[in-house]
Each structure stands twice: as structure tokens, then as C-alpha cells.
Amino acid sequence: MSHEGIRIVSKEEEQARNKEPHQLPREAVTPLKVRVLLTEGKGLEIDWTDGHKSAWGFKWLRDACPCATCNDVREAAGLKPGQSAPAPVQLLPMYTPPAKPKSVTPIGRYALQFNWEDGHTAGIYSWDYLRRNCQCAECTALDKN
């Protein structure tokens, strides 16, 4: 019998994986107004039906790409959505242009898909994913507790 593929998981990690996220109320994941500030190069703003307002910068959105590949890379590095991987130490750091999409496409009535300037297009940002990862001061304070 081979032990290949066996992974030891801590009790905390197992509990975190098995924890089902609670379902958000419909008003919390239904956008009232969506603004993609492409020309300004700022990011995405959503006013939700429940009165909440959310905003994300393009850098955060690119680093939080929900596609399977980006998610696997983030998990392997122990990063949360939106956290950048540490840049490799270089004698002469190379300039990296800021993350910016070429275009944004609505996906049905449930998500947005960004066509990033770096060629990446696989991530579909559902309203639920965006609301659960709201970056407003109120929501980020709740995440720290």
C-alpha cells in the first residue's frame, strides 16, 4: 500500500474546511447598482439591495481571482483572497504595471468576469463571492474578530 497522496491535516484546518458558509439573505447578494471604474483605473463599487455599499480596487480583485488555478496557488501559499504573494527579492526589482482589466463582462444575473491586461480571464466573480469578501471598514473589522 502506498502512502502517496496522504496528507496530515490539523484539527483546525479540518474544521475550517468542513464549515459550510451560511447562506446570505437574497438582498445581501443582489446588487442595486454596479459601477466598474475602468476609465479611472480604480476598481469596482456595488450598492446592494440591503443598503450596504462595497468597493474593491483592481489589485485586490486580481489577487482574489476565484478561478481554480488562482485559488490553488493562493491556498498553497497560505494566502487569503486579495492577498498578494510576496515579491521575490531582487537586486533590481522589475516594474510591474498595476492590475487593470481590459474589459468586464456580466455573466448572467449572478456574476462579473474580468478580462485582465495580463491575459487572465478565467475568474468569475459571483455576487455572493464579492459580498463575502467585502472590503469596507465594517466588514473587514468583522473578519478580524
- [ ] May I ask you to list the residues in region 36-68 that are small (G, A, S) and either without any contact (Cβ under 8 Å) to a residue 60 or more places away in the chain or surrounded by 17 or more Cβ atoms within 10 Å (Cβ to Cβ) (or both)?
- [x] G41, G43, G51, S54, G57, A64, A68
Open item on the list: Just to be sure I understand, how many residues within region 111-122 are surrounded by 11 or more Cβ atoms within 10 Å (Cβ to Cβ) and either hydroxyl-bearing (S, T, Y) or in a loop (DSSP other than H, G, I, E, B) (or both)?
Closed with: 5
Task: Restricting region 69-110 to residues that are of a type in the set (A, V, I, L, M) and closer than 21 Å to L38 by Cβ, the residue that is surrounded by the most Cβ atoms within 10 Å (Cβ to Cβ) - done: A99
Task: Cβ pairs under 6 Å, 6+ apart, first in region 88-113 and in contact (Cβ under 8 Å) with a residue 24 or more places away in the chain, second in a loop (DSSP other than H, G, I, E, B) - done: K100/G41; K100/E117
Open item on the list: On the basis of being of a type in the set (S, T, Y), closer than 17 Å to I124 by Cα, out of contact with any strand residue (DSSP E or B) (no Cβ under 7 Å at 6 or more places or on another chain) and not in a strand (DSSP E or B), does T96 make the cut?
Closed with: no
- [ ] Just one of (1) free of Cβ contacts under 8 Å to residues at least 12 places away in the same chain; (2) surrounded by 12 or more Cβ atoms within 10 Å (Cβ to Cβ); (3) hydroxyl-bearing (S, T, Y) trips up S126, so point out which.
- [x] (1)
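Taken together, the values in this text are just the output of simple stated rules run on the coordinates, not laboratory data. Please read these numbers as outputs of a predicted model, since none were measured by experiment. In this analysis, Cβ positions are derived from the backbone assuming ideal geometry, glycine residues included, and neighbour counts consider all displayed protein chains.
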